[in-house]
1. Looking for whichever is under 13 Å from the mean Cα position of the chain (by Cα) and either assigned to a helix (DSSP H, G or I) or of a type in the set (Ser, Thr, Tyr) (or both) here; the options are Gly214, Gly140, Gly157, Gly119. Which one fits?
2. For region 53-70, how many residues are open to solvent by 60 Å² or more (accessible area, probe 1.4 Å) and either in contact (Cβ under 8 Å) with a residue 40 or more places away in the chain or out of contact with any strand residue (DSSP E or B) (no Cβ under 6 Å at 6 or more places or on another chain) (or both)?
3. Out of all the residues in region 173-182, is one or more open to solvent by less than 50 Å² (accessible area, probe 1.4 Å) and free of Cβ contacts under 8 Å to residues at least 60 places away in the same chain?
4. Counting just the residues of region 1-17 that are loosely packed, with under 14 Cβ neighbours inside 10 Å and not β-branched (Val, Ile, Thr), which one comes out modelled with the highest pLDDT?
5. Evaluate region 91-107: report whether one residue or more is of a type in the set (D, E, K, R), open to solvent by less than 60 Å² (accessible area, probe 1.4 Å) and in contact with a helix residue (DSSP H, G or I) (Cβ under 6 Å, 6 or more places away or on another chain).
6. Output the residue which, of all residues in region 127-139 that are in contact with a strand residue (DSSP E or B) (Cβ under 6 Å, 6 or more places away or on another chain) and in contact (Cβ under 8 Å) with a residue 40 or more places away in the chain, is most open to solvent (accessible area, probe 1.4 Å).
7. Go through (1) within 19 Å of Gly121 (Cβ to Cβ); (2) at pLDDT 95 or above; (3) buried (at least 16 other Cβ atoms within 10 Å of the Cβ); (4) not aliphatic (A, V, I, L, M) and name the single condition Lys31 misses.
8. Sort out which residues of region 183-200 are part of a helix (DSSP H, G or I) and either touching a residue at least 12 places away in the same chain (Cβ under 8 Å) or hydrophobic (A, V, I, L, M, F, W, C) (or both), and write them in order of number.
Amino acid sequence: MPGGGSMNVLVVDVGGTHVKILATGLTEPRKFTSGPALTPKQMVSGVLKTADEWTYDAVSIGYPGVAHQNRPVAEPHNLGRGWVGFDFEAAFGCPVKIVNDAAMQALGSYQGGKMLFLGFGTGLGSALVVDGILEPMELGHLPYKRKTYEYYVGLAGFERLGKKKWQQDVADVVARLIAALEPDDVVLGGGNVKQLKELPPECRMGDNANAFLGGFRLWEKEQKDGSRRRTAHR
């Protein structure tokens, strides 16, 4: 089972073009179209319809924006409005955990030690995982040259600079962040990582499917606690 334990988890990866879902014990994700007008109510409705016959006890959501303490704290750039303040647990009828989508992929990519994840997509997603503890970050908004990291290595930067110059900036940004954070492991993910001619030194390529593993891992503590309680009651 992907996450271990006996809790069934439904993982929802919310993207700008599709919402992808997978539940514990299954191997084939399902998806439906999202787009710039998608509201949280429409997302939940789409998930419930797409996961119609699946059973689950909890939900993990990878959110394309800033999330804190299991709730969005800023509206997403590439979807509709209404995400901040929406009651996801009431809508799904079960416990829900919400993290930034890059953070969820980071947790799924983790193999040990201190890992830095950088997601090159519309913007620059980032997260650290240290000794199994996930720490979502917003490194893309730090100052770089005349703007920010995200301005140069996000999708707009790729389109504005062209592939060769963009690749040079990515290599520079990665090297700077490695020097500052001193990780044991660096994972590069996101839709644009495939545009790199070669990976920068000390880096490995992530896999978008790791987002699902990250969603299962978000509930590992609860699953272990539940397993201990069941053992204690025997």
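1. Gly214
2. 5
3. Taking region 173-182 first, the residues open to solvent by less than 50 Å² (accessible area, probe 1.4 Å) are 173-174, 177-178, 181.
Now narrow it down to the ones that are free of Cβ contacts under 8 Å to residues at least 60 places away in the same chain: 173-174.
Looking for residues that are open to solvent by less than 50 Å² (accessible area, probe 1.4 Å) and free of Cβ contacts under 8 Å to residues at least 60 places away in the same chain, one finds at least one in region 173-182, hence yes.
4. Start the filter on region 1-17 by keeping residues that are loosely packed, with under 14 Cβ neighbours inside 10 Å, which leaves 1, 6, 17.
Those left that are additionally not β-branched (Val, Ile, Thr): 1, 6.
Working: Met1: 39, Ser6: 76.
If we take residues in region 1-17 being loosely packed, with under 14 Cβ neighbours inside 10 Å and not β-branched (Val, Ile, Thr), then Ser6 is modelled with the highest pLDDT.
5. no
6. Filtering region 127-139 for residues that are in contact with a strand residue (DSSP E or B) (Cβ under 6 Å, 6 or more places away or on another chain) and in contact (Cβ under 8 Å) with a residue 40 or more places away in the chain, the one most open to solvent (accessible area, probe 1.4 Å) comes out as Pro136.
7. If we test Lys31 against (1) within 19 Å of Gly121 (Cβ to Cβ); (2) at pLDDT 95 or above; (3) buried (at least 16 other Cβ atoms within 10 Å of the Cβ); (4) not aliphatic (A, V, I, L, M), just (3) comes out false.
8. Val193, Gln195
The values are calculated or read from the model by the stated rules, or taken from the named source; none is laboratory data. It should be emphasised that the depicted structure is a prediction, and the values quoted were computed from it without experimental measurement. A quick note on method: Cβ atoms are made from the backbone with ideal geometry, for glycine too, and the neighbour counts reach across all protein chains shown. These area figures cover heavy atoms from the full protein model, side chains too; ligands, DNA and RNA do not enter into them. Shrake-Rupley method; radii C 1.70, N 1.55, O 1.52, S 1.80 Å.
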